[in-house]
Amino acid sequence: MRRSAVTGVGVVAPGGVNREAFWDRITSGKTATRKITFFDPEGFRSQIAAEADFDPTEAGLDDQEVNRMDRYVQFAVAAAIEAVNDAGLDVEQVDRERMAVTLGSAVGGTMVLERDYVVVSNHGQKWLVDHEYASPFLYQALVPSTLASEVALRFGAQGPSVVVSTGCTSGIDGIGYGHQLIQDGEADIVIAGASETGISPISMACFDPIKATSRRNDDAEHASRPFDRDRDGFVMGEGSAVLILEEFEAAQARGAHIYCEVAGYANRGNAYHMTGLRPDGAEMAEAILDAMSQGGIEPEDIDYINAHGSGTKQNDRHETAAYKRALGDQAYKIPISSIKSMIGHSLGGIGAVEMAACALAIDRGVVPPTANWENPDPECDLDYTPNEAKRKQVDAALSTGSGFGGFQSAMILARPKELQEVGI
Amino acid sequence: MALKPESFTSLPDADRRAVITGIGVVAPGGIGNDAWWKAAKAGKNAIRRITRFDPSQYPAQLAGEVDGFDAADYIDQRMIVQTDHWTHMALAATQLALDDAKFDPEGKDPYSMSVITASGSGGNEFGQKEIENLWGKGPLFVGAYQSIAWFYAATTGQIAIKYGMKGPCGVVCQEGAGGLEALWHSRRNIIRNVDFVISGGTEAPIGPYALTCQLTNGRLSLENEPEAAYRPFDERANGYVMGEGGAIVIVEEAGHAKKRKAPQVYAEILGYGATNDAFHAKRVSDDGSQLERAMKMALERAGVGADDVDAVFADAAGVPEADRAEADAIKKVFGRPVPVTAPKTATGRLYGGGAPLDVAAAVFAMRDGVLPPTINVDKPAEGCDLAFVTKATEAEVGTVLVNARGFGGFNSSLVLRKP
């Protein structure tokens, strides 16, 4: 069976727009959530978000890319540049026909779609909008596949390229997709990850009526409170992460730094509700067990769980139940954390950002904390690594995700057995 | 003792094969397999002036629309208000496909069934309405269903919930190529122990704002005569016409289909190849080498020689450079006048729904031994002198290659074989 090694990591996230700044942020316990500055949030139920202070030019994009790309595409290109460099890949030298791109996004080019809509409709006044006012790259915003085609173009990747859009599990699924391409021999190198920039009026407005987002507007810093008793919804974020996946033996042969490998990836649906979750977590547990079984991983082997931990009442309860169901008593012994407490929930992007956190946790032997955890919730009674990072050897990390549509995904990254003795 | 999932472990098993056992068409020309196939064989042009809104002010005024579609015939009112027209058509096509496959998900193991669809652009009409509410009236006027109706995963999610399917689900986006990717991704899941997948896709791109977006891609035909607007490979090719609808395709594990005595096995999904031109963010490439590579890869994976292919269902972009690229690729792969057809000339390009509809046409062609025609192509452009099927033609159709491409350099090719 062909295996996927993770050989490069690139991140664009709030509170730190590259890999190292991201790692510093999520191990600091300090939050990057704030009152929205991208637009005037007056009149919205939730007025807070984790915004990234991102400069595309500084991140390596050229003027044409900056001009034509929606923010979420810019994020992904920036993360991909960092990941490719980190992997030490010379894209001129690799077989680019065997290089694939698999990226997730839940809402795609909404920012440009909304920006141009306001213009062509003259502020929502005309159903029959005036096409003459549309910008020349508006089509690229309409089709979310632009995320993959632009990254493929940037690196000349002529293998399969695809955007995976499974709501908030898109990030895990984007990487899982790439892993399957390597397993099946469809590609040897995959630029895999996800990107999302949903801090725009329409995306914020989506979540207001269903009360999914936090309305702790006067205390933005402490608004994202996964697993805390007083949590009141998620805080919108934005972000992107790219992992370079390589066929394991090829990565070893070229002497690449191998962060970890994909030990298992699985997804299931709950077939229950587009936004609701049954409290028992049965389907997420099933995805976790599938992922574990692929890699021969036992509950005792898991050193860290990176939770979806969105901070909604139902999610955190659901996820806690899923861990107990899948891992039994061991669920109480494994440190768990939600980095959404610090960098918000970037919808389809966050799953990839969380996989990047897992890869770094394995690489550096640190478990990031859950910030803002103050008051225990009797329904969430596991070890959520409150507020302070923990030094710990991490040989295997599990990450889970849950998305609108009823999607449940799980991925396990692990230090390859061959490399375990020389671990930290 | 190792813990195991109660359902299965998603590791590939090379012995499992993916077959197509059901089709549900909701497309320009007809609702239901028989009605649509009859229109396709007759070469009846379903492209006409847009009726979903008044297109007078736009330079492109044509589309392939689905006539007589009433969502209430297939889904309840509660679901209708929660979803976009795109999802309505997919839910209708799903029921038609399940009926065709004579499969009732009720009472089956929920984990053994998956939903994997393609989406080109999501819930356009629903999205435009809600964004109009937001900007015209304010945030309090955005409805509760915007969050679940507009995004690309809406169709897959709603189908999975409606039919109680808990297997691995997916949504793939590759503009016009996504439909083939969805079918092959279904096969990836079949070999990973899923038994039954609802796949394919639909699209609903006919709305004022969606059209405005499409006008910026530079590839829409601005010709407003239905017979003259979409003529791929013709010397008068001047772009394409969009269309709505598509097809839902049931992909099933071969042994599962056999065991449950499925009424038909239309075809096996044998091979697939996907590439990207990685050429330009907007410009159309006239270089067919990456499409050629996708076709060769599909044949190689299928273990099928180019000589064994009985017909090619072309992507037929309708943009001269892209037509030349495809014609060139077909010539290089086959080196002989393999019959080529593009029934989409009568429906327009349906984006995420387009390739599944071509797959539907391909399997009906196998079943009935008749190739559907390409219409409005009577003067092939220089270099595009392929063996076009221009009227319904009886033929032994055992192996077919279907091409699909998408804006952004996506090329894909799928090989199907009649059992």
(Q) Please give the charge dipole size of the protein assembly as shown, origin at the Cα centre, charges +1 on K and R Cβ atoms and -1 on D and E Cβ atoms. Round to the nearest 20 debye. (A) 1260 debye
Q) Net charge near B:Glu382, counting Lys/Arg +1 and Asp/Glu -1 over other residues with Cβ under 9 Å of its Cβ? A) -1
**Q.** Charge dipole (debye, nearest 20) of chain B; +1 at Cβ of Lys and Arg, -1 at Cβ of Asp and Glu
**A.** 680 debye
Q: Using only atoms on other chains, find how many Cβ atoms lie within 10 Å of each Cβ of peptide B:112-123 and report the average.
A: 3
(Q) Once each part is reduced to its C-alpha centroid, what is the distance from region B:201-251 to region B:143-157 in angstrom? (A) 24 Å
Q: List the pair-distance distribution P(r) of the protein assembly as shown, using every Cα-Cα distance, as the percent of pairs falling in each 20 Å bin from 0 up to the bin containing the longest distance, rounded to whole percents.
A: 18, 54, 27, 2
Q: List every residue whose amide H lies under 5 Å from the amide H of A:Ala194, counting only residues 5 or more places away in sequence or on a different chain, with H placed 1.01 Å from N in the peptide plane.
A: A:Gly104, A:Ala241
Q. For region B:18-259, what is the relative contact order in percent, using Cα pairs closer than 8 Å and at least 6 residues apart in sequence?
A. 30 percent
Q.
Run the paramagnetic zone check for A:Asn217: 7 angstrom along Cα to Cβ, then residues of region A:19-52 with backbone nitrogen under 16 Å.
A. A:34-50
Q: Classify region B:18-259 as rounded, prolate or oblate from the Cα gyration tensor: take a ≥ b ≥ c as the square roots of its eigenvalues, call it rounded if a/c is under 1.5, otherwise prolate when a/b beats b/c and oblate if not.
A: oblate
(Q) Shape verdict for region B:94-231, please, from the Cα gyration tensor: rounded (a/c under 1.5), prolate (a/b greater than b/c) or oblate. (A) oblate
Q. What share of the DSSP beta bridges in chain A is antiparallel, in percent to the nearest 5?
A. 70 percent
Q: Could you work out which residue, out of A:Asp63, A:Asp53, A:Asp316, moves most in a Gaussian network model of chain A, that is, has the largest mean-square fluctuation with Cα springs under 10 Å?
A: A:Asp63
(Q) Given the options A:Gly193, B:Ile20, A:Met355, identify the residue whose Cα lies farthest towards the positive end of the charge dipole of the protein assembly as shown (+1 on Cβ of Lys, Arg; -1 on Cβ of Asp, Glu). (A) B:Ile20
Q: Report, in whole Å, the centroid distance computed from the Cα atoms of region B:259-319 and region A:61-128.
A: 27 Å
Q. Taking H as built 1.01 Å from N, whose amide H comes closer than 5 Å to the amide H of A:Thr213, not counting residues under 5 places away?
A. A:Phe234
Q.
If you take every DSSP beta bridge fully contained in the protein assembly as shown, what fraction is antiparallel? Give it as a percent rounded to 5.
A. 70 percent
Q) Once the dipole of region B:86-166 is set up with Lys and Arg at +1 and Asp and Glu at -1 on Cβ about the Cα centre, which of B:His88, B:Phe151, B:Ser121 lies farthest towards its positive end? A) B:Phe151
Q: Among B:Asn376, B:Leu299, B:His280, flag the residue with its Cα farthest along the positive direction of the charge dipole of region B:278-388, charges on Cβ as +1 for Lys/Arg and -1 for Asp/Glu.
A: B:His280
**Q.** Mean separation of Cα contacts under 8 Å, 6 or more apart, over the residue count of chain B: relative contact order %
**A.** 23 percent
Q) Quick one: what does P(r) look like for chain A with 10 Å bins over all Cα pairs, in whole %? A) 5, 25, 35, 24, 9, 2, 0
Q) How many Cβ atoms of partner chains, on average, are near each residue of A:196-207 if near means within 10 Å of its Cβ? A) 4
(Q) Using Cα springs under 10 Å in a Gaussian network model of chain B, which residue among B:Thr202, B:Thr216, B:Thr156 shows the largest mean-square fluctuation? (A) B:Thr216
Q.
Averaged over its residues, how many other protein chain Cβ atoms are within 10 Å of peptide A:173-183's Cβ atoms?
A. 2
Q. If you bin every alpha carbon distance in region B:270-417 into 10 Å steps from zero, what whole percent lands in each bin?
A. 12, 47, 37, 5, 0
Q. What is the distance, in nm, between label points placed 7 Å from the Cα along the Cα-to-Cβ direction at B:Arg52 and at A:Gln420?
A. 5.5 nm
Q. So what J values fall out for region B:335-347 if you push phi through Karplus, 6.51 cos²θ - 1.76 cosθ + 1.60 with θ = phi - 60°, rounded to Hz, Gly and Pro as x?
A. x, 7, x, 5, x, 10, 9, 9, x, 5, 4, 9, 10
(Q) Need one word for region B:94-133: rounded, prolate or oblate. Basis is the Cα gyration tensor (sqrt eigenvalues a ≥ b ≥ c); a/c below 1.5 gives rounded, then a/b vs b/c decides. (A) prolate
Q. Considering only DSSP beta bridges whose two residues both sit in region B:18-259, what percent are antiparallel, to the nearest 5?
A. 65 percent
**Q.** Cβ-derived FRET efficiency at R0 41 Å, B:Glu394 paired with B:Lys4, nearest 0.05
**A.** 0.20
Q. When Lys and Arg each count +1 and Asp and Glu each count -1, what net charge do the other residues less than 12 Å away from B:Lys129, Cβ to Cβ, add up to?
A. -3
(Q) Using helices alone, I'd like the mean residue ellipticity at 222 nm for chain A: each DSSP H run of four-plus residues gives -39500 (n - 2.57), total over residue count, nearest 500. (A) -9500 deg cm²/dmol
Q) Under the Karplus relation 6.51 cos²θ - 1.76 cosθ + 1.60, θ = phi - 60°, what is the ordered set of whole-Hz ³J(HN,Hα) values for region A:321-332, x standing for Gly and Pro? A) 5, 5, 5, 5, 5, 7, 10, x, 4, 4, 4, 6
Q: Taking only Cα atoms and a 10 Å spring cutoff, compute GNM fluctuations for chain A and point out the largest among A:Arg115, A:Arg225, A:Arg254.
A: A:Arg254
Q: Please work out the Cα convex hull volume for region A:76-229 and give it in Å³ per residue.
A: 163 Å³
Q: Could you rank the peptides A:373-382, B:127-136, A:6-15 by their average count of other C-beta atoms within 10 Å per residue, with the highest value first?
A: A:6-15, B:127-136, A:373-382
Q) Of the listed peptides B:143-154, A:212-223, what is their order by residue-averaged count of other C-beta atoms within 10 Å, with the highest listed first? A) B:143-154, A:212-223
**Q.** Principal axis dimensions, chain B - Cα atoms, whole angstrom, descending
**A.** 66, 59, 39
**Q.** Contact order relative to length of region A:3-114, as percent, for alpha carbon pairs under 8 angstrom and 6 or more apart
**A.** 32 percent
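We did not get these values from a lab; they are worked out from the coordinates using the rules stated. What you see is a predicted model, and the numbers here were worked out from it, not measured in a lab. Don't worry about glycine lacking a Cβ; one is built from the backbone with ideal geometry, like all the others, and counts go over all protein chains shown.
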